[in-house]
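A quick write-up on the structure given underneath.
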C-alpha cells in the first residue's frame, strides 16, 4: 500500500552515493529527509507567500513558489502539488524541494497541506484538495500564472488525490468547477486501484471494509479525462506499478484520454519523488519529464 515517510547537478554527483543514501534512508525510516535536501536546494530561484489560508481549518494552508525570473507573457503554467504519507502524515514545508524545482523551470508551484486521517476520511481530505484547487484557479493570474494552464500533481497518496480531482467530478462540482478546468494532471507512483485494503492506516482513512468501489481512480477511467502523465519506478515495492500506473494508463487510453507513461529503471517509491529535487535529478529524468509535460514540450522517448 502507498506509504511515504518524508517529511547544480555536478555538485550533487560529487556528494556521492553515501549522501544520497542517507537522505533516502531518512525518508524511508520515517525521519524526514527534507532537512538534508533543504541544505542543497537553492533559495534564490523563487519567491512567494507562505502559510496562505485557502479554507477555515488550521490544515488549510499552502505555500507558493513563483519563478524568480521575469514574468511570462500570458502567464506561466501553475502546478498544485499534493504530497503522500498514507493519508495520515505530511507537511508542506518538507516539499520545498518540489516547489523550488518547478519554479526554477518557469512553473508556478503551489504546495498545499490538507486534513489527514483519522481526523477525516478520504472524502474529507479530497474536499480539502478541491478547495485548494479552487484557490489556485482563483489566484493563478494574480500570481503571474495562466488560469487556463493549471495542473494538479501528486506523489503516492498525493497522486491518488490528484487523480480523483482529475477523474471524479464529485469533488469539484460543489465549488462550481469540473475536471475540464484542468490543463492536465500528473501522478507519481500513485495508488489508483488498491482494493481490498490490508494496511491498517489506510483501512481507517477509507472506512474499510465498507469502502465503495467508486473510491478508486480506476473506477472513473472510462470517460475522457484531462491529459495525463503517469510516472513510476520499476523497482517500486510499495505501490504495484503494473496494477496501478500501467493499469490506469491502459483504461484511460481506451477511453480516449491522452496519456504519457514513463516507468524508470533503478528507482523505487521514495526515489521517484526524490528525483524531483534538482540535487538528485540525476537519479532518473523525473523532473525533466514533468517540466516538459507541463510546458507542452515533447517528452523523452518512452521506455
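Taking R0 as 22 Å, what's the FRET efficiency between residue 119 and residue 181 from their Cβ-Cβ distance, rounded to 0.05?
The calculated FRET efficiency here is 0.20.
Under the rule of -39500 (n - 2.57) per DSSP H run of 4 or more residues, summed and divided by the residues of the chain, what mean residue ellipticity at 222 nm is obtained, to the nearest 500 deg cm²/dmol?
-9000 deg cm²/dmol
Between residue 148 and residue 213, what's the calculated FRET efficiency when r is the beta-carbon distance and R0 is 30 Å? Round to 0.05.
For R0 = 30 Å, the calculated efficiency reads 0.35.
Between region 266-289 and region 74-106, what is the separation of their alpha carbon centroids in Å?
14 Å
Of the peptides 108-121, 53-66, how do they stack up when ordered by the mean number of other Cβ atoms within 10 Å, highest first?
Packing proxy ranking, top to bottom: 108-121, 53-66.
Please give, to one decimal in nm, the separation of the simple spin-label points placed at residue 203 and residue 69, each 7 Å out from Cα toward the Cβ.
Label at residue 203, label at residue 69, 5.0 nm between them.
Compute the distance in nm between two label points, each set 7 Å from the Cα along the Cα-to-Cβ direction, one at residue 43 and one at residue 234.
4.0 nm
Taking the Cβ-Cβ separation of residue 138 and residue 282 as r and a Förster radius of 30 Å, what is the calculated FRET efficiency to the nearest 0.05?
Step by step, r from the Cβ atoms, then E = 0.20.
Coordinate-derived values only; no laboratory data. The structure displayed is predicted, hence computed values, not measured ones. Using ideal geometry, Cβ is built from the backbone for each residue, glycine included, and neighbour counts are taken over all protein chains shown.
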